[in-house]
Amino acid sequence: MESAEIRRRWLSFFEERGHTVVPSASLIADDPTLLLVPAGMVPFKPYFLGETKPPAPRITSVQKCVRTPDIEEVGKTTRHGTFFQMCGNFSFGDYFKEGAIKLAWELLTGSVADGGYGLDPERLWITVYQEDDEAERIWRDVIGVPAERIQRLGMGPNFWSMGVPGPCGPCSEINYDRGPEFGEEGGPAVNDERYVEIWNLVFMQYERGAGEGKEDFPILGDLPSKNIDTGLGLERLAMILQGVRNMYETDTLRVVMDKATELTGVRYGAAHGTDVSLRVVADHIRTSVMLIGDGVTPGNEGRGYVLRRIMRRAIRNMRLMGAGGPVVAELADVVITTMGEQYPELVTDRKRIEAVALAEEARFLKTLNAGTNVLDTAITETRSGGGRVLAGEKAFLLHDTWGFPIDLTLEIAAEQGLSVDEDGFRRLMKEQREKAKADARAKKTGHADLSAYREVADTAGATEFTGYLSTEGESTVVGLLVDGVPSPAASEGDEIEIVLDRTPFYAEGGGQLADQGRIRLHSGAVIEVRDVQQPVPGVSVHKGSVQVGEVTVGASAYAAIDVKRRRAIARAHSATHLTHQALRDALGPTAAQAGSENSPGRFRFDFGSPAAVPGSVLTDVEQRINEVLSGELEVQAEVMSLEDAKKQGAIAEFGEKYGERVRVVTIGDFSKELCGGTHVGNTAQLGLVKLLGESSIGSGVRRIEALVGADAYNFLAREHTVVAQLQELVKGRPEELPEKISGMLAKLKDAEKEIERFRAEKVLQAAAGLAAGAQDVRGVALVTGQVADGVSADDLRKLVLDVRGRIPGDRPAVVALFTVANGRPLTVIATNEAARERGLKAGDLVRTAAKTLGGGGGGKPDVAQGGGQNPDAVGEAVTAVERLVAGAS
Ligand code: SER
């Protein structure tokens, strides 16, 4: 049975049994605790928690998922994949254990003719949570599974949660016995290769708190209702129904492996190593295509890094199998065609996906060339120092600067017989991540503990936003937190978070910053509002401080936003829409929005583009925006169904999840976008838009920064003043400035070179004198001492080599000269062959000298270089070298 048929049967089976079919959500999780969607239930988490009412009590879906913790296992076992599709049926307070178990059994064992999967019931083994008597009883007495094929297991395998605070519950897994050729008997409790898990039924009824691992966390209480969340691995069932030994040989992945064999000439089945590589390539390329399809672009953090790592592992495996040049386009093409049958947007988006993939491949091939040199040097250094372990700092540097994934460093180091200090590497990575997190925390509400907000939300309900039409109005205080804890009252000086039943304050969202302003209570209390966020969907939390008076829950209030700030933000937001459209017109639909920030008078706009946008295109885009805005176009917002919005061609943002009803913002006949933000009424209010420039913020993503209105004017006025000052200095018209200044710079450069040459000549002139003054230290000609200050390392080296060359080759010679440049001592030491035969190695001498100088250095036995911190120690360093030479002679 083909994968597409397995999927079709799943959805129709559950649809016929009263489930609403919901399409797969984007792989980009709309959940601050997750990077990517790892399970079918993720889009429904708010329904389990009771935060949002589900659209129907029974839902079914086939959800795209990505999991990477087991990435090292991919290709080695028969069933680990980074991308997979999870078929799920969900009940929100509707059927529970018995209903879920009966449905699962019926679908799995029902005959193929009747729409089932036709599995042999004798081959199915069940596991239940060790304390779940009820589930065991249902399997045994209601379904009739013999007791010996039901096993009880602990929390690890049979109690499911997302690994973070949220819904959880005991679960029961259905496993398929693949037969004795897959190992010993005894059921899933002893052999999970032979008895492979295909379907997990979670009896979702509790909410868990924070904790480590799969077992160590508190149960906070019951969920509002008893729910069902099940997940069947489509790829695993395909493996069984297609009679193949592993999931990589199923229909949708086999074709990718075939393409990889065609490109490399390697035969599948010929050797274990290349088989693993082929499977890694098939899995990883498919995952990459699916991620890029959902708007992820390769980068060094978060999702971008997951994608980068996966793509780079695939490319590296292709190279290990002998592929030399680019391979990704052809492999991705196969994935798009195959997966496109289920996900047609991949086919429509083929160009963009391939462009992003190709750009990453090109970057990686470049990285491989450059980074491999750095890594080779690090390996050689480690080896020559007698080490067997590559330092964590080196691995980190390779990762951070050269984009070398750690596994690549590990692999290459292992090929050279070295291990890597992975702990050190991870420590540095952790430090870096913590720093990034702290930066983010300093800016935003941490989403770590939402329970306090949820508590307020439960009593207060959703906030009515009045700010599209008014900037101030009456309301009531319905929730209050002091120091993150719900409180009945707050007083002067307190930092508080306050929830109103209705508010004109816009909460940060959709790239638009929050409003600021004041809330006055009728009792006389005043709250200065600095920020507004929605930590729980639909509930606006105003953050600020109590200036005077007492704030109490239930009090009547009057909320007023800072109108000037709001207007400046609105101008920026409307300008962002114009920029988005103008960019798309210039670059095509691949210039899709990847993020934005609209703040007072300025905005930044991130968009997909495989390469830098040329300056001339930016100028055209800016001109177009300014032409359009002076056309005095009306800006209108309308709420409509998502379907109508799509029909009208409204642009939606990647990875955003939209409800059934959406708000569409239209700017004349120029732009139409799904957007919840606040805008100007007419483009003439923008006055002026100035694009400041464009830069890269990750592979395939560019950022434009721009100013709007008075901020744009002030910027241009400042630039004008600078130009006037330059004109005065250079004595030329504005258009002559670039040429005149570049002429001056060229002259300056020539003059600097000339000075450099004179200085070098002067230094080198000293060579003859120095050679002639060589002292004889027990048969060794030793030239040492301090030359003029400010000599560059290069010049010093030239001088040292010149002096060495002037001493007859049969006489052992050591030349060790010192200088002080920019306040720091520097030394270059050279020895000739006769000296080296006496054991005098430049590298050793430099190490001693540099240590005396308070620094370090090294090099080869014939020439080495070093430096330090202490310029006053040069005399001492000279003596140290003399002593060494005397000792060895
Ligand atoms: N959430 C469960 C899982 O991922 C069942 O869907 O296994």
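The values are calculated or read from the model by the stated rules, or taken from the named source; none is laboratory data. Source: prediction; values computed, not measured. Here the Cβ positions follow ideal geometry from the backbone for every residue, glycine too, while neighbour counts run over all protein chains shown. Just so you know, the surface numbers come from the protein's heavy atoms only, side chains and all, with ligands and any DNA or RNA stripped out. Shrake-Rupley method; radii C 1.70, N 1.55, O 1.52, S 1.80 Å.
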**Request:** Take the residues in the range 121-140 that are among the charged types (D, E, K, R) and open to solvent by less than 70 Å² (accessible area, probe 1.4 Å), then tell me which one is nearest to the chain's Cα centre (by Cα).
**Result:** 132
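For every residue, the table says whether it meets (1) more than 25 Å from the chain's Cα centre (by Cα); (2) in a helix (DSSP H, G or I).
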residue: 12; (1), (2): yes, yes
residue: 24; (1), (2): no, no
residue: 52; (1), (2): yes, no
residue: 63; (1), (2): no, no
residue: 69; (1), (2): no, no
residue: 72; (1), (2): no, yes
**Of all residues in the range 35-76 being away from the ligand (no atom under 12 Å from the Cβ) and of a type in the set (Gly, Ala, Ser), the one that is farthest from residue 94 (Cα to Cα)** = 75
**Complete:** Given (1) part of a helix (DSSP H, G or I); (2) open to solvent by 20 Å² or more (accessible area, probe 1.4 Å), residue 568 misses just (2)
**Asked** Only one of these conditions is not met by residue 714: (1) within 25 Å of residue 514 (Cα to Cα); (2) surrounded by 15 or more Cβ atoms within 10 Å (Cβ to Cβ); (3) more than 29 Å from the chain's Cα centre (by Cα); (4) not hydroxyl-bearing (Ser, Thr, Tyr). Which number is it?
**Response** (2)
**Prompt:** Within the range 104-119, can one find any residue that is within 14 Å of the ligand (Cβ to nearest atom), touching a Lys or Arg at 6+ places or on another chain (Cβ under 8 Å) and modelled with pLDDT of 95 or more?
**Reply:** no
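Quick grid of which residues meet (1) crowded, with 19+ Cβ neighbours inside 10 Å; (2) over 34 Å from the mean Cα position of the chain (by Cα); (3) part of a helix (DSSP H, G or I); (4) among the basic types (Lys, Arg):
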| site | (1), (2), (3), (4) |
| --- | --- |
| 665 | yes, no, no, no |
| 672 | yes, no, no, yes |
| 690 | yes, no, no, yes |
| 693 | no, no, no, no |
| 702 | yes, no, no, yes |
| 705 | no, no, no, no |
| 729 | no, yes, yes, no |
| 732 | no, yes, no, no |
| 735 | no, yes, yes, no |
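This table checks each residue for (1) farther than 30 Å from residue 336 by Cα; (2) free of Cβ contacts under 8 Å to residues at least 60 places away in the same chain; (3) surrounded by 16 or more Cβ atoms within 10 Å (Cβ to Cβ).
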| residue | (1), (2), (3) |
| --- | --- |
| 351 | no, no, no |
| 360 | no, no, yes |
| 367 | no, yes, yes |
| 373 | yes, yes, no |
| 380 | yes, yes, no |
| 385 | yes, yes, no |
**Asked** Restricting attention to the range 598-629, and to residues there that are among the hydroxyl-bearing types (Ser, Thr, Tyr) and assigned to a helix (DSSP H, G or I), which single residue is modelled with the lowest pLDDT?
**Response** 616
**Request:** May I ask you to say which residue of 554, 595 is outside any helix (DSSP H, G or I) and farther than 30 Å from residue 710 by Cβ?
**Result:** 554
**Item:** Subset of the range 216-246 (residues that are away from the ligand (no atom under 16 Å from the Cβ) and part of a helix (DSSP H, G or I))
**Value:** 238, 239, 240, 241
**Message:** Step by step: first the residues of the range 291-320, then only those that are under 19 Å from residue 336 (Cα atoms) and small (Gly, Ala, Ser), then the one that is farthest from the chain's Cα centre (by Cα). Which residue is that?
**Reply:** 314
**Complete:** Counting only residues that are within 16 Å of the ligand (Cβ to nearest atom), among the charged types (D, E, K, R) and open to solvent by less than 30 Å² (accessible area, probe 1.4 Å), the range 188-215 contains a total of 1
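Yes/no per residue for (1) among the hydrophobic types (A, V, I, L, M, F, W, C); (2) within 30 Å of residue 223 (Cα to Cα); (3) assigned to a helix (DSSP H, G or I):
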residue: 85; (1), (2), (3): no, yes, no
residue: 94; (1), (2), (3): no, yes, no
residue: 98; (1), (2), (3): no, yes, yes
residue: 105; (1), (2), (3): yes, yes, yes
residue: 125; (1), (2), (3): yes, yes, no
residue: 128; (1), (2), (3): yes, yes, no
residue: 131; (1), (2), (3): no, yes, no
residue: 148; (1), (2), (3): no, no, yes
residue: 151; (1), (2), (3): no, yes, no
**Asked** Which members of the range 7-34 meet the condition of being more than 16 Å from the ligand (Cβ to nearest atom) and among the aliphatic types (A, V, I, L, M)?
**Response** 21, 28
**Prompt:** Of all residues in the range 294-331, how many are of a type in the set (A, V, I, L, M), open to solvent by 10 Å² or more (accessible area, probe 1.4 Å) and assigned to a helix (DSSP H, G or I)?
**Reply:** 3
**the range 749-761, residues that are open to solvent by 50 Å² or more (accessible area, probe 1.4 Å) and at pLDDT below 85** = 756, 757, 759, 761
**Hits in the range 379-424 - residues which are within 19 Å of the chain's Cα centre (by Cα) and assigned to a loop (DSSP other than H, G, I, E, B)** = 403, 404, 405
**Complete:** Filter the range 774-788 for residues that are part of a strand (DSSP E or B) and free of Cβ contacts under 8 Å to residues at least 60 places away in the same chain; the one that is most open to solvent (accessible area, probe 1.4 Å) is 776
**Request:** Please work out which one of (1) more than 19 Å from the chain's Cα centre (by Cα); (2) surrounded by fewer than 21 Cβ atoms within 10 Å (Cβ to Cβ); (3) more than 14 Å from the ligand (Cβ to nearest atom); (4) over 14 Å from residue 225 (Cβ atoms) is the condition residue 79 fails and give its number.
**Result:** (3)
**Item:** Subset of the range 171-187 (residues that are open to solvent by less than 20 Å² (accessible area, probe 1.4 Å) and within 16 Å of the ligand (Cβ to nearest atom))
**Value:** 171, 172, 174, 175
**Message:** Give all pairs with beta carbons closer than 8 Å in which a residue from the range 789-805 that is closer than 14 Å to residue 862 by Cα meets a residue that is assigned to a helix (DSSP H, G or I) and among the aromatic types (Phe, Trp, Tyr); count only pairs at least 6 apart in sequence or on separate chains.
**Reply:** none
**Asked** What helices (runs of 4 or more DSSP H) lie completely within the range 789-888 and have 2 or more residues being in contact with a helix residue (DSSP H, G or I) (Cβ under 6 Å, 6 or more places away or on another chain) and of a type outside the set (Ser, Thr, Tyr)?
**Response** 793-806, 842-852, 874-888
**Test: residue 84 is touching a residue at least 24 places away in the same chain (Cβ under 8 Å), open to solvent by 10 Å² or more (accessible area, probe 1.4 Å) and within 15 Å of the ligand (Cβ to nearest atom)** = yes
**Asked** Right, residue 164: assigned to a loop (DSSP other than H, G, I, E, B), within 16 Å of the ligand (Cβ to nearest atom) and of a type outside the set (D, E, K, R) or not?
**Response** yes
